[in-house]
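Here the structure is laid out as structure tokens; the discussion comes afterwards.
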Amino acid sequence: MTRVNRFWMYLGVFVLATAGVAAAQTPTPIDTIPISTSRLGFGAQVSYFRSSGADQGAYYFGGVVRYGIGSMLGFEGTLGYRGNQMFDFGTVNGNQLFADISTIPITASIMVFIPLRTTTFVPYGMLGAGLYMLSINYSPDINKVMGDETKVKAGGHLGVGLELPLTQTFNAHVDYRYLFLSKIFDSSSVYDFSSKDYNGGSVTLGLMFSF
């Protein structure tokens with residue numbers, strides 16, 4: 001079993017164990033929360049992201065803040081780090097051409113919850129935008145022509161998910177998000193990588209304490 005698979009296994013066991021311990025405690029059904037009530041939560045997220053133009057995905061680790069107003073409206077802010085993704089551009093004269101990209105995303109989202117009379121899960125949709133600091137490291141042959149780059153790009157995202165109340169103050173969430181990001185690769189007289197984009201989807205798991 002790889003280190004990454006062990007991490008997901010241990011994280012899943014932790015969530016299930018926490019849910020079991022919390023079973024005797026009854027969270028407040030979200031549809032009974034008055035519109036004037038606000039909730040603030042802090043936590044951590046992990047996700048797996050795959051760009052449509054990449055040849056492998058990357059894991060993301062970061063912090064998350066959520067602020068809920070009443071039973072239906074919420075806001076989210078995140079800051080984290082996404083590891084390297086490799087973009088393969090093929091071979092020229094027997095030399096492989098590629099780029100490795102690591103990313104620091106800073107995002108903000110508006111969340112709309114669908115209040116249900118249940119303490120098991122709360123579905124939501126989200127819409128947001130963010131800034132993405134991209135560190136692009138090219139293979140040696142490309143680097144001679146273009147050089148490694150650091151860029152800041154703006155992007156938007158859409159998502160759907162479930163919030164899982166575990167106790168009065170502890171909850172988990174899982175969601176799917178799709179990122180829309182503008183073109184990230186420059187072209188030169190020698191290389192043209194404009195067909196490779198950074199758009200892609202991610203599956204996110206988060207654990208939070210709310211106040």
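Just need a number here: residues in the range 169-201 that are modelled with pLDDT of 80 or more and either among the acidic types (Asp, Glu) or more than 20 Å from PHE98 (Cβ to Cβ) (or both).
Result for the range 169-201: 14.
Out of the range 142-166, which residues are under 30 Å from SER71 (Cα atoms) and in a loop (DSSP other than H, G, I, E, B)?
LEU166
Any chance you could count how many residues in the range 89-141 are assigned to a strand (DSSP E or B), aliphatic (A, V, I, L, M), in contact with a Pro (Cβ under 9 Å, 6 or more places away or on another chain) and within 28 Å of GLN168 (Cα to Cα)?
The qualifying residues number 1.
Select from the range 80-109 the residues that are surrounded by 21 or more Cβ atoms within 10 Å (Cβ to Cβ), without any contact (Cβ under 8 Å) to a residue 60 or more places away in the chain and within 16 Å of SER52 (Cβ to Cβ) and write down the one among them that is farthest from the chain's Cα centre (by Cα).
Only one residue fits best here, namely GLN85.
Return the residues of the range 139-183 that are more than 22 Å from the chain's Cα centre (by Cα), surrounded by fewer than 19 Cβ atoms within 10 Å (Cβ to Cβ) and under 30 Å from GLY90 (Cβ atoms); say none if nothing qualifies.
SER139, PRO140, ASP141, ASN143, LYS144, VAL145, MET146, GLY147, ASP148, GLU149, listed by residue number.
If you check VAL152, VAL160, which single one turns out to be more than 14 Å from ILE184 (Cα to Cα) and either of a type outside the set (Asp, Glu) or modelled with pLDDT under 95 (or both)?
VAL160
Output the residues belonging to the range 30-47 that are surrounded by fewer than 16 Cβ atoms within 10 Å (Cβ to Cβ) and either at pLDDT below 90 or assigned to a loop (DSSP other than H, G, I, E, B) (or both).
ASP31, THR32, PRO34, ILE35, SER36, THR37, SER38
Only one of (1) among the charged types (D, E, K, R); (2) surrounded by fewer than 19 Cβ atoms within 10 Å (Cβ to Cβ); (3) without any contact (Cβ under 8 Å) to a residue 60 or more places away in the chain is not met by ARG50, so which one is it?
ARG50 satisfies every listed condition except (3).
The values are calculated or read from the model by the stated rules, or taken from the named source; none is laboratory data. On a predicted model such as this, the values are computed, not experimentally measured, just so you know. Backbone-built Cβ (ideal geometry, glycine too); neighbour counts: all protein chains shown.
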